[in-house]
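Below: the structure, in structure tokens.
The values are calculated or read from the model by the stated rules, or taken from the named source; none is laboratory data. It should be emphasised that the depicted structure is a prediction, and the values quoted were computed from it without experimental measurement. Here the Cβ positions follow ideal geometry from the backbone for every residue, glycine too, while neighbour counts run over all protein chains shown.
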Amino acid sequence: MKPQHTERISSGSPWEDVVGYSRAVRVGQIVHVAGTTATLHGEVQCVGDAAGQTRVILNIIRAALERLGGRMEDVVRTRMYVTDIGQWEAVGRAHGEVFADIRPAASMVQVAALIDPEHLVEIEAEAILPLPSVDSVL
């Protein structure tokens, strides 16, 4: 059996080097997207707005998937971590804006804190990319 090719991408976050992780890793058809917060260029986005942070996060996840040849439609699982479960509906609705027709398996749990007190939401995603068609292989 041929070994699976592994591809890793960075979002450019300084924390990736400090902690030793990748934004996303593709092994064969499977893509794992690391816990993602609403941080762009070192700045927390949508401070105080859990739904807004969710939208930013999902755009970061979308970009990571696209860099690895995937799409949001390939996502099969998300995990949402929130610092206030009272915000579940706002986060859930923002998640639903993207995933209403895709319907991945999903969970949402409250955590005591995230790495920055301004982070209200963190999301992980897993995707399974389709096999290449026979025509594209020939």
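Here is how the numbers come out for the structure above:
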| item | result |
| --- | --- |
| Residue in segment 95-105 that is free of Cβ contacts under 8 Å to residues at least 12 places away in the same chain and under 25 Å from G28 (Cβ atoms) present | yes |
| Residue check for I60: crowded, with 18+ Cβ neighbours inside 10 Å and touching a residue at least 40 places away in the same chain (Cβ under 8 Å) | yes |
| Residue that is surrounded by the fewest Cβ atoms within 10 Å (Cβ to Cβ), among those in segment 65-76 that are in a helix (DSSP H, G or I) and of a type outside the set (K, R) | E66 |
| Candidate set: segment 5-26, residues that are more than 16 Å from the chain's Cα centre (by Cα) and of a type in the set (V, I, T); chosen: the one nearest to V111 (Cα to Cα) | V19 |
| Some residue of segment 17-33 being of a type outside the set (S, T, Y), under 16 Å from L114 (Cα atoms) and touching a residue at least 60 places away in the same chain (Cβ under 8 Å) | no |
| From R79, R62, R93, residue being charged (D, E, K, R) and part of a strand (DSSP E or B) | R79 |
| Segment 86-105 - residue that is aliphatic (A, V, I, L, M) and buried (at least 17 other Cβ atoms within 10 Å of the Cβ) and, of those, farthest from E66 (Cα to Cα) | A90 |
| Single residue of V98, V91, V111 found to be farther than 10 Å from T54 by Cα, β-branched (V, I, T) and out of contact with any Phe, Trp or Tyr (no Cβ under 6 Å at 6 or more places or on another chain) | V98 |
| Any hit, segment 45-56, residues being surrounded by 15 or more Cβ atoms within 10 Å (Cβ to Cβ), more than 19 Å from P130 (Cα to Cα), in contact (Cβ under 8 Å) with a residue 12 or more places away in the chain and in contact with a Ser or Thr (Cβ under 6 Å, 6 or more places away or on another chain) | no |
| Per-region count, segment 23-46, residues over 19 Å from Y81 (Cβ atoms) and not in a strand (DSSP E or B) | 4 |
| Test: H41 is on the phi > 0 side of the Ramachandran plot and more than 14 Å from the chain's Cα centre (by Cα) | yes |
| Count of segment 96-124 residues which are of a type in the set (V, I, T) and assigned to a strand (DSSP E or B) | 3 |
| Qualifying position, being under 24 Å from L129 (Cβ atoms) and modelled with pLDDT of 90 or more, among G28, G12, G20 | G28 |
| Residue match in segment 24-37 (condition: in contact with a Lys or Arg (Cβ under 6 Å, 6 or more places away or on another chain), at negative phi and of a type in the set (V, I, T)) | yes |
